[in-house]
Protein chains: 2
Amino acid sequence: MYGHQNMNALPAIPQYIARSRGARLWDVDGNEYVDLMCSWGPVILGHGDPVVEEAAERQRRQGDCLNGPAPIMVELAEAMVATVADADWAMFAKNGTDATTMCCTIARAATGRKMILVAEGAYHGAAPWCTPFPAGVTAADRANLLQFQFNDIASIRAAAGEHADDVAAIIVSPFRHDAGFDSELVDPTFAKDVRAYCDEIGAALILDDVRAGFRLHDGGSWEPLGVQVDLTPWSKSIANGYALAAVTGTDRYRDAAGGIFVTGSFWMGAVDMAAGLATITELASRDAVSRMRDLGQQLRTGILGGATRWGFDVHYTGPAQMPNLLFANDSDYALSVAFTAEAQARGVYVHPKHNWFVSAAMTDADLDMALTGLDGAFGALRARYPQP
Amino acid sequence: MYGHQNMNALPAIPQYIARSRGARLWDVDGNEYVDLMCSWGPVILGHGDPVVEEAAERQRRQGDCLNGPAPIMVELAEAMVATVADADWAMFAKNGTDATTMCCTIARAATGRKMILVAEGAYHGAAPWCTPFPAGVTAADRANLLQFQFNDIASIRAAAGEHADDVAAIIVSPFRHDAGFDSELVDPTFAKDVRAYCDEIGAALILDDVRAGFRLHDGGSWEPLGVQVDLTPWSKSIANGYALAAVTGTDRYRDAAGGIFVTGSFWMGAVDMAAGLATITELASRDAVSRMRDLGQQLRTGILGGATRWGFDVHYTGPAQMPNLLFANDSDYALSVAFTAEAQARGVYVHPKHNWFVSAAMTDADLDMALTGLDGAFGALRARYPQP
């Protein structure tokens, strides 16, 4: 197993999944789960959402991978521009990594500069320039990166340092969601300071909304802060599991975006775009973000109650819709892994090192099943690790 | 429009496609075409092939983008390994660029070296290290590339030069298919010499079969030459238009492939894999390569006859299934573009600068329509450019 799926290579996490529906899935051994991973983010309206599937099927009957795009590309671009405040245009691709890489390339083309500032430990994809593990990566792949600390504007000034006039962009996640660490919400002052610093030095601000996009807000994740960003990579949830990524940007970066050469054999695939348009439309009409936030808050309340009841010191961090559960004094993740195994055994699909995802498809029954299973997991964990 | 689709931004090439079926497609204005571009390669059994669609739909009813792969991934990997002589394992991705980049990363991880030899002008994708246009690309992105000339083993030795013990891989296309140039078949001696040179210096031989894979041969494109390759990137035609890419390799590179971190949110998508498995199976059971070769040979005979009849000196190069038509003394492509416009006006979808693709779905009626339209295009071109 490779990539993030390799993080599943732990006892009691099922490797192969047979089928899914709504907020439930079944592994190849027939075990049923309430899904709190949502395919690592893409599934936002629920597995096999009927409205999205119908839109995809309608396009599929016409054609998918064609000699040029189908008209749906224009409709989808217009929907992205209408939905995201900082989007004056949109381009489409297949991977989140395509989109983050494109943003860097566009920023470099626009500024004629080469350096990119990246938060230490942040995940922006799995190309050689950004993959978190160095096998097969050369020094040249990282030669134009400078590292800062999330939520620390002084570290950005220090990282740019003498290179400030050669910085093409600062790329930052809407909140710190590094796998294996507590999540950290963005300090609104930091967000505003990053914007101001980009303006000061003439660099682009790239908000990497690949993981969080459309789960925290109907538009870009920093829109509620009133912080304008220049370029945004999107992927994961924008087409409810169909393979779609996007880049949106402001007019200032339009010419640069039009001047770079990026492409892929399937980037014009019309079915994925139809699914994307339906997803964006349904997210709004169902007020899905509010529903996910509400479900996430109930989940947090229930889990923190269970942890207290069973006497566990947990770190439950991140936004309600994308919670991250770690245990105190658990640097080898032994408690996390054991808890995950107990949760999976009780029909709750969670992960020991990566943030979870709540979908809008969760019913109250799904939430009950999740909370019951997780409470049972805490109990079983306590039996295995008796209190001193 | 961006990427290769930008090469469509020419008079009389329709930009937006409404629908497709078999070897035909229709633009948004309702014009019907015989398709000789096959969506730039992906469509190999024909648009909307019923067997592939049925396999995809069967998987779709179970689930697509899941928390882990579906069992279809194992079946597909086994089919790739059974079909391709030099494949001991397979990994899957979404873009041809993902696959070419992965091969370089695997070769670097395996050898602990950094340099990659690339043929001048060859297309291996659209990431910063390989995109054919330099906007937004930095010198560091290309710092570890050395260039050689296709079919020229001496140029490989010269390019490696003093770096020979730091060469991780040589990446080469099965034939030279650079857009805008005459195609050039591989000299079998060159292929054998490249293999021997890789063995001599301890580098991996990467055969970039993204564009030609499964159109020239049921296995790898150099299998008929008896030349073993180490790593092969695949994409385009392996799933008849569904978004799938793959890397296959030999046992020697298995550990390195397992040790790199590459991933994408949709790389485990089960529907695309089901389409891939059905495509590979159907290609064999329909003897599709022979059919495409036969169609391509009839096309070549007809087109060369038309060119002679109308007095045009054309360069009709490349394998029969992937022909490339350019005109002599046409460095600004004026004749090519005018010919394409006349062909499109007669219902034949071809391209003025990029090789074409023949699909196995072409019927004799499709071939007749193509030949009639292209002959008419030569005639109309002669009317616009009277012989001196």
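The values are calculated or read from the model by the stated rules, or taken from the named source; none is laboratory data. This one's a predicted model, so the numbers in the text were calculated from it and none came from an experiment. Reconstructed Cβ throughout: ideal geometry from the backbone, glycine too, with neighbour counts over all protein chains shown.
Here is how the numbers come out for the structure above:
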item: Residue pairs meeting the criteria (Cβ under 8 Å; at least 6 apart or on separate chains; first assigned to a loop (DSSP other than H, G, I, E, B), in region B:264-281; second among the aromatic types (Phe, Trp, Tyr)); result: B:SER265/A:TRP40; B:PHE266/A:TYR242; B:TRP267/B:PHE92; B:MET268/B:PHE92
item: Single match in A:LEU225, A:LEU185 (criterion: within 30 Å of A:GLY46 (Cβ to Cβ) and surrounded by fewer than 16 Cβ atoms within 10 Å (Cβ to Cβ)); result: A:LEU185
item: Some residue of region A:310-317 being in a helix (DSSP H, G or I), over 26 Å from A:ASN6 (Cβ atoms), touching a Phe, Trp or Tyr at 6+ places or on another chain (Cβ under 6 Å) and not assigned by TED's automatic domain parsing to the domain that holds A:SER173; result: yes
item: Failed condition for B:SER20, given (1) in the same structural domain as B:ALA256 (by TED's automatic domain parsing); (2) surrounded by 23 or more Cβ atoms within 10 Å (Cβ to Cβ); result: (1)
item: Leading residue by the ranking (nearest to the chain's Cα centre (by Cα)) among those in region B:27-38 that are buried (at least 19 other Cβ atoms within 10 Å of the Cβ) and either more than 18 Å from B:LEU295 (Cα to Cα) or more than 11 Å from chain A (Cβ to nearest Cβ) (or both); result: B:VAL34
item: Meets criteria (away from chain B (no Cβ under 14 Å), surrounded by fewer than 24 Cβ atoms within 10 Å (Cβ to Cβ) and touching a helix residue (DSSP H, G or I) at 6+ places or on another chain (Cβ under 6 Å)) for A:ALA191; result: yes
item: Residue among A:ASN6, A:ASN67 that is closer than 30 Å to B:MET7 by Cα and free of Cβ contacts under 8 Å to residues at least 60 places away in the same chain; result: A:ASN67
item: Criterion: crowded, with 24+ Cβ neighbours inside 10 Å, more than 30 Å from A:VAL337 (Cβ to Cβ) and away from every other protein chain (no Cβ under 12 Å) - qualifying residue of A:LEU66, A:LEU76; result: A:LEU76
item: Hey, B:GLY48 within 22 Å of the chain's Cα centre (by Cα), under 29 Å from B:MET91 (Cα atoms) and at the interface with chain A (Cβ under 8 Å from one of its Cβ atoms) or not; result: yes
item: Selection count where residues are within 14 Å of chain A (Cβ to nearest Cβ), surrounded by 24 or more Cβ atoms within 10 Å (Cβ to Cβ) and in a loop (DSSP other than H, G, I, E, B), scope region B:83-120; result: 2
item: Answer residue from region A:153-182, given it is of a type in the set (A, V, I, L, M, F, W, C) and surrounded by fewer than 20 Cβ atoms within 10 Å (Cβ to Cβ) and is nearest to B:TRP129 (Cα to Cα) among those; result: A:ALA164
item: One residue from A:SER290, A:SER285 being within 30 Å of A:GLN59 (Cβ to Cβ), under 19 Å from the mean Cα position of the chain (by Cα) and free of Cβ contacts under 8 Å to residues at least 24 places away in the same chain; result: A:SER290
item: Failed criterion for B:PHE150 (all others in (1) surrounded by fewer than 22 Cβ atoms within 10 Å (Cβ to Cβ); (2) among the aromatic types (Phe, Trp, Tyr); (3) within 14 Å of chain A (Cβ to nearest Cβ) hold); result: (3)
item: Residue in region A:293-305 that is within 14 Å of another protein chain (Cβ to nearest Cβ), in a helix (DSSP H, G or I), surrounded by fewer than 20 Cβ atoms within 10 Å (Cβ to Cβ) and of a type in the set (D, E, K, R) present; result: no
item: Scope region B:39-62; condition touching a strand residue (DSSP E or B) at 6+ places or on another chain (Cβ under 7 Å), crowded, with 24+ Cβ neighbours inside 10 Å and not in a strand (DSSP E or B); matching residues; result: B:GLY46
item: All positions within region A:254-285 that are buried (at least 24 other Cβ atoms within 10 Å of the Cβ) and among the aromatic types (Phe, Trp, Tyr); result: A:PHE266, A:TRP267
item: Matching residues, region B:240-252, being within 23 Å of B:THR105 (Cβ to Cβ) and either crowded, with 24+ Cβ neighbours inside 10 Å or among the hydrophobic types (A, V, I, L, M, F, W, C) (or both); result: B:ALA243, B:LEU244, B:ALA245, B:ALA246, B:VAL247, B:THR248, B:GLY249
item: Restricting region B:121-147 to residues that are more than 13 Å from every other protein chain (Cβ to nearest Cβ) and part of a loop (DSSP other than H, G, I, E, B), the residue that is farthest from B:ILE170 (Cα to Cα); result: B:GLY121
item: Subset of region B:9-26 that is of a type in the set (Gly, Ala, Ser), part of a strand (DSSP E or B) and free of Cβ contacts under 8 Å to residues at least 40 places away in the same chain - its residue that is nearest to the other protein chains (Cβ to nearest Cβ); result: B:SER20
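For every residue, the table says whether it meets (1) touching an Asp or Glu at 6+ places or on another chain (Cβ under 7 Å); (2) assigned by TED's automatic domain parsing to the domain that holds A:THR281.
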{"position": "A:LEU10", "(1), (2)": "no, no"}
{"position": "A:GLN15", "(1), (2)": "no, no"}
{"position": "A:ASP29", "(1), (2)": "no, no"}
{"position": "A:VAL34", "(1), (2)": "yes, no"}
{"position": "A:GLU57", "(1), (2)": "no, yes"}
